[in-house]
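Everything below concerns the one structure shown next.
Quick note: the coordinates plus some simple rules give every number you see, no bench work behind them. From a predicted model like this one, the values you see are computed outputs, not experimental measurements. In this analysis, Cβ positions are derived from the backbone assuming ideal geometry, glycine residues included, and neighbour counts consider all displayed protein chains.
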Amino acid sequence: MISMRTWRACALACSALVSTIAAAVGVGERAPPFALPTAAGDTVALERFRGKVVYVDFWASWCGPCRRSFPWMNAMNRKYAAQGLAIVAINVDKKRDDAMQFLGEMPAEFTVVYDAPGAVPAAYAVKGMPSSYVIDQSGNVSAVEQGFRDESPTMLEQKIRALLAPR
Amino acid sequence: MRARVGVVQAGLWTLCVLALLATAGCATISPPQPWEKGQLAKREMQFDADPLDAKATQHIYTSKEGAGGGYGVGGGGCGCN
């Protein structure tokens, strides 16, 4: 008959098959690094912005609130770029044309990079669209925001200002 | 007798392997991640293709049902409430 050992081996194999779910990147954690291409073909790496406050935004052309967040991100860029804020918007559209059409209607004045395979949102374990991460000068996540609600701009701008304030 | 035990054991092993394969099969079907919902976000993928039409249908449905009342209460069914 089947021995206890065999059953145990079976149970172990079964539990190994259960896929592990990536834990979401939270406040205080290290921001997962990435290097993604721009439309022009240059590679933008997160490390490039070390020493700056980085606002990483995951967006897609099909996401409604993303459309509302773009004018705000442009405004933040204009207001705080000189003080050391870098905005990197990661597009997750499967088709580049969709993203290009969106950008035609909603021009971005900040860095836009493309990740159609979705490796970076997977690394950040993005829970909803859009999702944004405020990363401090040393590369740690300082704030996470899911969605772009009415109160999001105020909260995020406060976070950005606090990080940019001279210490 | 011994041969029979062997057959039973082999059968159980096969079952075990098949069960494992079935589990693995389920693991490959995972719901789309939040950043993979581009197709699902399309208008033609909604349950109600036309939001205005859906709203009107819902309005008529609730007013008719509301007019139905409980036991034996006659409702107008005019859709006016």
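If one takes the longest principal axis of the Cα atoms in chain A, at what angle in degrees, from 0 to 90 and to the nearest 10, does the Cα axis of helix A:64-80 lie?
Tilt of helix A:64-80: around 50 degrees.
In degrees between 0 and 90, to the nearest 10, how far off the longest principal axis of chain A does helix A:4-17 point, with axes built from Cα atoms?
Orientation of helix A:4-17: about 20 degrees from the principal axis.
Please give the calculated 222 nm ellipticity per residue for chain A, where each DSSP H segment of at least 4 residues contributes -39500 (n - 2.57) and the sum is spread over every residue; nearest 500 deg cm²/dmol?
Working: 5 runs with 60 residues, N = 167.
It comes out at -11000 deg cm²/dmol, rounded to the nearest 500.
Mind telling me which of A:ALA119, A:ALA99, A:ALA143 comes out most flexible in a GNM of chain A, alpha-carbon contacts under 10 Å?
Result for chain A, Cα springs under 10 Å: A:ALA119 fluctuates most.
For a test of the definition: using alpha carbon positions, the gyration tensor, and the 1.5 limit on a/c, classify segment A:22-164 as rounded, prolate or oblate. All intermediate terms of the calculation are to be shown ahead of the outcome.
Values: a/c = 1.31, a/b = 1.19, b/c = 1.10.
Here segment A:22-164 falls in the rounded category.
Counting DSSP beta bridges in chain A, what percent are antiparallel, to the nearest 5?
Of the beta bridges lying entirely in chain A, close to 60 percent run antiparallel.
Please identify, among A:TYR80, A:TYR133, A:TYR55, the residue showing maximal mean-square fluctuation in a Gaussian network model of chain A using a 10 angstrom Cα cutoff.
Sorting by GNM fluctuation, first place goes to A:TYR80.
Working from Cα positions, state the angle (0 to 90°, nearest 10) between the long axis of helix A:96-105 and the longest principal axis of chain A.
30
Take A:MET106, A:MET76, A:MET129, B:MET45 and order them by how many other Cβ atoms sit within 10 Å, fewest up front.
B:MET45, A:MET106, A:MET76, A:MET129
If each residue's Cβ is checked for other Cβ atoms within 10 Å, how do A:PHE49, A:PHE58 rank with the fewest at the top?
Listing A:PHE49, A:PHE58 from fewest to most nearby Cβ atoms yields A:PHE49, A:PHE58.
With a cap of 14 neighbouring Cβ atoms within 10 Å, and only residues DSSP puts in a loop, list the GluC sites (Glu not before Pro) found in segment A:114-167.
Working: sites: A:GLU145, A:GLU151, A:GLU157; in loops: A:GLU151.
Here the sparse-neighbourhood loop sites are A:GLU151.
Please report B:TYR61, A:TYR114 as a ranked list, fewest other C-beta atoms within 10 angstrom at the top and most at the bottom.
Lowest to highest Cβ neighbour count: B:TYR61, A:TYR114.
I need the phi-derived Karplus couplings for segment B:47-61: 6.51 cos²θ - 1.76 cosθ + 1.60, θ = phi - 60°, integer Hz, Gly and Pro marked x.
Here the 3J(HN,Hα) series is 5, 10, 5, 10, x, 5, 5, 5, 5, 5, 4, 5, 5, 5, 4 Hz.
Sequence neighbours fewer than 8 away in the same chain don't count; with that in mind, list the lysines whose C-alpha is under 29 Å from A:LYS95.
Excluding near neighbours in sequence, the set is A:LYS127, B:LYS37, B:LYS42.
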